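What follows is a single structure, written as structure tokens, with notes after it.
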Amino acid sequence: MVEVVQTLLCVPFAGAGASFFHPWRELSAGRWRVTAVELPGRERRFLEEPYRNVVEAAREEVDDIVAGLDTQAPVVLFGHSLGAVLAYELAHLLIARGVRVERLIVSGSPGPWTQRERRAAGLPEDEFLARVEEFAGFRHEALDHPEMRELILPALMADCEMHEAYVPSVDDPLPVPICSLRGDSDGLVTAEEARQWQAATTGEFSYVEFPGDHMYLVDQGREVLDVIEHEGSKVLERAA
């Protein structure tokens, strides 16, 4: 009997592309088939107009996402920051299409009904970048090069706009377990806000902190994957 390998479907954070998660394929050591959502406005879809609405993005992309999945394999969804709320919307849509969503892993995000008070969208370019740097706790070196900045900025600004304007499409909680992850010194998302995800599921909820700030996962991909595996094992043990 051939063992079915779970799919780990990753959703990028603001300004990032699917390639951020490519190193996770090796780090996963065969535990999952790691794939990532490719959004317009970056990488292979650079010439396409980026989305400015999370719900629209999920609805427009879900058919292509389903087409790329192994229909026999259960799916674990992972999303960081903007990716967390987009993954939440996708989870609802995938379940409605009969995809076996096993778990949702959200990272660096308050619950889906909480909006950020301080915003970056709509600010002049330099102020926008300063605010994003303040939020994230780091500045991507590519933004210091005028040519790269010109390439990256449109998608980053659109992503921030749709994240800050996000309102969930439904109020119904998901029927799958949710695990919320957070950097313990995240200045953008408090521990209390990260725990708000408990209200977004009728299943099991867990919360895990890592050393680091809002972008802790940049240097801790292996540790994040270890936690995802550990949390999945606990779910299986409870179901047995």
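Brief remarks follow.
- Here Arg100 meets the list (1) buried (at least 17 other Cβ atoms within 10 Å of the Cβ); (2) in contact with a strand residue (DSSP E or B) (Cβ under 7 Å, 6 or more places away or on another chain) almost entirely, failing just condition (1).
- Annotation note: Cβ proximity below 7 Å between a residue of the stretch 223-240 that is part of a helix (DSSP H, G or I) and a residue that is polar (S, T, N, Q) and modelled with pLDDT of 70 or more (sequence gap 6+ or interchain) occurs for Leu225/Ser28; Glu231/Ser206.
- Scanning the stretch 182-198 for residues that are surrounded by 14 or more Cβ atoms within 10 Å (Cβ to Cβ) and at pLDDT 95 or above yields Arg182, Gly183, Glu193, Ala194, Arg195, Gln196, Trp197, Gln198.
- Evaluating Leu69 against the criteria (1) of a type outside the set (Gly, Ala, Ser); (2) surrounded by 15 or more Cβ atoms within 10 Å (Cβ to Cβ); (3) modelled with pLDDT of 95 or more leaves one unmet condition, (3).
- Taking the criterion of being part of a helix (DSSP H, G or I), under 25 Å from Glu229 (Cβ atoms) and touching a residue at least 60 places away in the same chain (Cβ under 8 Å), the only residue of the stretch 156-194 that qualifies is Ala194.
- Sole exception among (1) modelled with pLDDT under 95; (2) within 13 Å of Tyr166 (Cβ to Cβ) for Gly41, by number: (2)
- Qualifying residue in the stretch 37-52 (condition: surrounded by fewer than 24 Cβ atoms within 10 Å (Cβ to Cβ) and either of a type in the set (S, T, N, Q) or touching a strand residue (DSSP E or B) at 6+ places or on another chain (Cβ under 6 Å) (or both)): no
- Residues in the stretch 72-97 that are surrounded by 22 or more Cβ atoms within 10 Å (Cβ to Cβ) and among the polar types (S, T, N, Q): Ser81 only.
- Taking the stretch 1-19 as the range and being farther than 19 Å from Glu89 by Cα and either modelled with pLDDT of 95 or more or small (Gly, Ala, Ser) (or both) as the test, only Ser19 passes.
The values are calculated or read from the model by the stated rules, or taken from the named source; none is laboratory data. Keep in mind the model is a prediction, meaning the values are calculated, not measured. A quick note on method: Cβ atoms are made from the backbone with ideal geometry, for glycine too, and the neighbour counts reach across all protein chains shown.
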